[in-house]
Amino acid sequence: MNKLTLKGPVLPFIIFLFVFSFASDTISQSVQRNGNVINLISQQESYQFILCTPAMIRIRNSGKQGFESNEYWMVQQYEWPEVSHTFSETEDEYHIETDKLHMVIQKIPVKVSFFDADGKLISKDSEGEKNSMLYREEKPFCTKELLPGEHFFGFGERMDFIDQLGKTVVLNVGRGIGRPHEVGAYNILEANYSPVPFMMSTNGYGIFFHNSYQTTWDMGCSSPQQYQFSAEGGEMDYYFIYGPAFPDILKQYTGLTGTTPLLPRFAMGLHVGTYSGGTWGYEDLASQYYVTELARKFRQLGIPVDILHLDSTWRIFGKINGKGGTSFEWRQTGFPEPKQMFDSLYAMNYKLVGLHIRPRIDNGDVHTYLFKARELGFTYPENGEQGDFLNYFDSAAVDWWWDNCLEPLADLGCKFVKTDEGSAFGHKANESDKLGPQGSEVRRLHNIFPVAYARAPYLKFQQYNGIRGLNHTREGYAGIQRYPFIFAGDWPSEWQYFLPVIRGGLNIGLSGIGAWTHCMGGFEHIADPELYIRWCQFGMFSPIAMLFGMEHPSYKEPWRYGEDALEIFTRFDKLRYRLIPYIYSSYYNMYKTGAPVMQAMVLQYPDDPNTCDIDDQYFFGKDLLVCPVTVKGAKTRTLYLPEGDWYDYWSGEKFQGRRYLNVVTPIETMPVFARAGAIIPMHPEMKYEGEKPADPLTLDIFPASGSSFDLYEDDGLTLDYQNGAYALTTIGYKQDNDFALVDIPSPEGSYQLPDRALYIKLHIDRKPQGVKVNNRKLSESSQVIPEHDIHSINPSWNYSRKNNLLFIGCIQKSGKPVSVSIQF
C-alpha cells in the first residue's frame, strides 16, 4: 500500500495517479489531489471528494453536465481550513483517513464506505448497484446499505412520523391539494411547509443532500436491506457528516448551512396575530380601532405580550390576483390613519408590529406596482412573459420592492412582515388557481424560493430598524434558519392535528431549524376550550409563543374561551416571561451550536431505544422535559423519563429515570420535569419584556452531584453580540454528603452587567447548618425570603421543610464572582 500524509498548508502542486480496472471493458481513471480536494476522473464521469472537516466530507458526481457552481441559498461555507489526512492506494481501493473518519473508495465500480477511527463500519454504499452514485434519466440517485439497528431522523417539518425507518419521504415545499381540505391541505402525510434534505442516523452520521430539486428518500421501504435518495434534477452532491453524537452532527450541518442568529430578546415573549376583527368573508369589519383595542385589552388584563402582526385583511386585495396578490395598499374604510395606529401600539410598549404579505405583487386602487415591476423586468417570467412573482433572487428587484412597496409601510411604523405562501412559486397557491412560473429552472428554484423570499425583508428591515432582524414565514428549506422565524402553517383547531404539530416542531429541530412556532389553539375553526388550553400550555413552552386564529369572532383571544382558559393562559404566559433568561440562553446555544430550543428525546438519548418514536414529549432547552396532554378528557398520561434523576417541576418531587411514569393531568397544569442538575435562571414577572430591570436574578436549582448552566446576557437588540459584546456566565453547582457549592464566576465577554440581587432556590430535602457567600456567613431568616422584595432585606437564608426548598438572598456587584457555600 502506498501512503502519503498531508499536514499543514495546502500543497502547492497537484498529484496525479493513474489506475486501470481489471474489468473486461478497461476503463481508465486518474486521481488529482490538491489539498482537501480529491478528484477521481474517468471517461464517463468525474467524482470529487472534499474534506471539509475531519468529520465531514463532500461527495460529488458530475454526471455528463459537469459540476455545478457554488450557490449560497442553502450552503454558506465552501472554504475550509486544511484538513490533516492520509491518502493511500491499493489495487482496488483508495483510502482517505482523518483523525475522525476512514473513507474507502472502491475503484471500479465506484463505491464509498465510512469507518470510524476504531475501524467500526458507519455507512457503506449498497452492493446491489452497479455504481454508488448514478444518474437515471439525468436524475441523481444514490443507494446505501441499511445497517442493523439504524433509525433515521430529520427531513424538515414532517408532521407524520419521528423515525422515518421503513418510510418513503418526498421533500418538496408545499402541502396537500384537493378538496375537501381534510384529504388535501390538512393531510399530514403530504404536509411539506419546510422540508430539509438532511437526515441523521443512529449509526452516528448525517447526510445532507445538497440539491434544491424535489427529492425522494426511500428509507428501507422498498427493501429492508438498503435506503436510497434521489432528486428530480440537479447534481449528485451530498455531505457525509460524522458525529457520532447527534448534537455534533447538527453543529457541523448548521456550520455548513448557517446557524440561527439571535432574535431581539423581546421576541422570546408572546406574539399575537390578528385579522383586525375582519377575517375572510368579514373583510369590511377589519379596522385599526379593533387592533388598538385588542392591544389595550391585553395590557388591561395583565397578559404579557410584545409583538403583534396584522394578517391579510389590512390591505385591499389585488386587482389582478385577488386574495393571492399583495397590493400594499391599506383598506381605507377600516384603516384611515395607519400611522396613528402604529403610534398607539408603540405607546403601549409593543416592540414590533408587522404586516402580512404574499409573494405575488399586485395593483391596487392607487398604485400599479405589478405593472411597474413587469416593465422593469423585476418579476419572474411566466409562459414567456413577465409574471406576478417578484424575482427575489435578483438584488435589484429586491431593492426596488423595498423602496416602493415596503419602505413606505416602514415609514408608517411597520417593523417586519409575515412572508406567507412561499410555496406558491411554481405550484398551485392557496388563494389562486394560477400555477405561476413553470419549467425545469423553476423546479430547481421552487424549494429555495421561500429562503430568498424570507431573506429579502429580513435584511431590509434589520437595516431600517437598526436592530436585529425578525421575519415571520410559513415555508422554508435548507438555510431558512438564517432568517428566523418559521411557523407550522394553517392547522385546524381539532384534536387530531394537535399531536402532528408537536411532531413537526420536533422534526424541524432535528433538521437544523430551531426558531419555530405554531398557532396556539389551532388556526381555523373555533377550538374546544379544553383543546385551546392544552394547546396554549404547549405553546408557552415552544421556541416562539404565538397566538393567532382566523375564526370569527373569537380569533383565539383567550378571554373568549372562558374564565378557566383566561386564567390558565395568563399564568402560563407570565411563567414564560419569567423563563426568558433560560429561553434566551437556549437561543444563544442554538446560535453557537445549532442545537434547537425544542429538542426531540432522541437528540439527547439516541442510544436509548425507548426514545426513537417518542413524539409527544420533548426537552425545552437542555434541562426541562415537557409533556403536553394531547388526548381530550385525559385524567392521566404516560410519559418516559430517560436515564438519570428527575424532579417534578411543579411539586419538586424526585423520580428515578429510565422508566415510564403515569401522572395525573388536571386541566390547570401540564407535566414538566427538570433534570437533576438543572439550573433554571428566571427574572421577575413583567407585562412586557424590559418593563423593569431583570432584578433579582433567580436561580431555580434542582441538584445533582455536579452540573452547570451557561447564562447568556447582552443588550438584547443589536448585532454587537457577534463582536463579543455579551456576558456568558457558566454557573456551576456541586454537592457531596455534607457540602454544596453554587459558583457564579465572572462572565466571558465585554458586556457590562448591572448590580443585582441573586435569589437562589435549591430543591433539597435537608436543612443546612449554615450558608456563606464569598466566605461571609449569612444570617438565617425566620421567614421565607420574599423574592419580589429581596432588596428590602439583608442577605440571608431560609429553609422550608414543607416545600423542601432552601432560599438564599444575596447581592452580585456588576458581574463580580459570587461563591455560595452550604454546609450540612
Under 6 Å between Cβ atoms, which residue pairs at least 6 apart in sequence (or on different chains) link something in the range 559-570 that is at positive phi with a partner that is open to solvent by 40 Å² or more (accessible area, probe 1.4 Å) and assigned to a helix (DSSP H, G or I)?
Gly562/Pro529
Considering only the range 293-343, state which residues are among the hydroxyl-bearing types (Ser, Thr, Tyr) and under 28 Å from the mean Cα position of the chain (by Cα).
Ser312, Thr326
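Quick check on the range 792-803: of everything there that is touching a strand residue (DSSP E or B) at 6+ places or on another chain (Cβ under 6 Å) and open to solvent by 20 Å² or more (accessible area, probe 1.4 Å), which residue is farthest from Leu758 (Cα to Cα)?
The qualifying residue farthest from Leu758 (Cα to Cα) is Tyr799.
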Need a quick list: strands (runs of 3 or more DSSP E) entirely within the range 627-728 having at least 3 residues that are of a type outside the set (Phe, Trp, Tyr) and surrounded by 20 or more Cβ atoms within 10 Å (Cβ to Cβ).
679-682, 697-701
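Only one of Ile760, Ile785 is in a loop (DSSP other than H, G, I, E, B), under 19 Å from Pro681 (Cα atoms), open to solvent by less than 40 Å² (accessible area, probe 1.4 Å) and not basic (Lys, Arg). Can you tell me which?
None of the other options fit; the residue is Ile785.
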Under 6 Å between Cβ atoms, at least 6 apart or on separate chains: pull out the pairs that start in the range 157-185 with a residue that is without any contact (Cβ under 8 Å) to a residue 12 or more places away in the chain and end on any residue that is basic (Lys, Arg) and outside any strand (DSSP E or B).
none
Flag for Leu406 being touching a helix residue (DSSP H, G or I) at 6+ places or on another chain (Cβ under 8 Å), assigned to a helix (DSSP H, G or I), open to solvent by less than 10 Å² (accessible area, probe 1.4 Å) and under 23 Å from Leu308 (Cβ atoms):
yes
Could you please find all residues in the range 510-540 being over 28 Å from Pro195 (Cβ atoms) and open to solvent by 10 Å² or more (accessible area, probe 1.4 Å)?
Ile526, Asp528, Pro529, Glu530, Ile533
Every pair of residues 6+ apart whose Cβ atoms lie under 9 Å, when the first sits in the range 605-619 and is within 16 Å of Glu150 (Cα to Cα) and without any contact (Cβ under 8 Å) to a residue 40 or more places away in the chain while the second is open to solvent by 40 Å² or more (accessible area, probe 1.4 Å) and of a type in the set (S, T, N, Q)
Thr611/Gln604
Between a residue in the range 127-144 that is over 14 Å from Ile59 (Cα atoms) and open to solvent by 70 Å² or more (accessible area, probe 1.4 Å) and any residue that is of a type in the set (Ser, Thr, Tyr) and at pLDDT below 95, which pairs come within a Cβ distance under 8 Å, given they are 6 or more apart or on different chains?
none
Please go through the range 735-757 and give me each residue that is surrounded by 13 or more Cβ atoms within 10 Å (Cβ to Cβ) and among the aromatic types (Phe, Trp, Tyr), ordered by number.
Tyr751
Suppose we filter Pro543, Pro553 for residues that are part of a loop (DSSP other than H, G, I, E, B), out of contact with any helix residue (DSSP H, G or I) (no Cβ under 7 Å at 6 or more places or on another chain) and crowded, with 23+ Cβ neighbours inside 10 Å; which single one remains?
Pro543
All but one of (1) more than 30 Å from Glu441 (Cα to Cα); (2) touching a His at 6+ places or on another chain (Cβ under 9 Å); (3) open to solvent by 10 Å² or more (accessible area, probe 1.4 Å); (4) not basic (Lys, Arg) hold for Asn172; state the number of the condition that does not hold.
(1)
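The values are calculated or read from the model by the stated rules, or taken from the named source; none is laboratory data. Since the structure is predicted, the reported quantities are computational estimates derived from the model, not experimental observations. Here the Cβ is made from the backbone with ideal geometry for all residues, glycine too, and neighbour counts use every protein chain on show. Note: areas computed on protein heavy atoms with side chains; ligands, DNA, RNA excluded. Shrake-Rupley method; radii C 1.70, N 1.55, O 1.52, S 1.80 Å.
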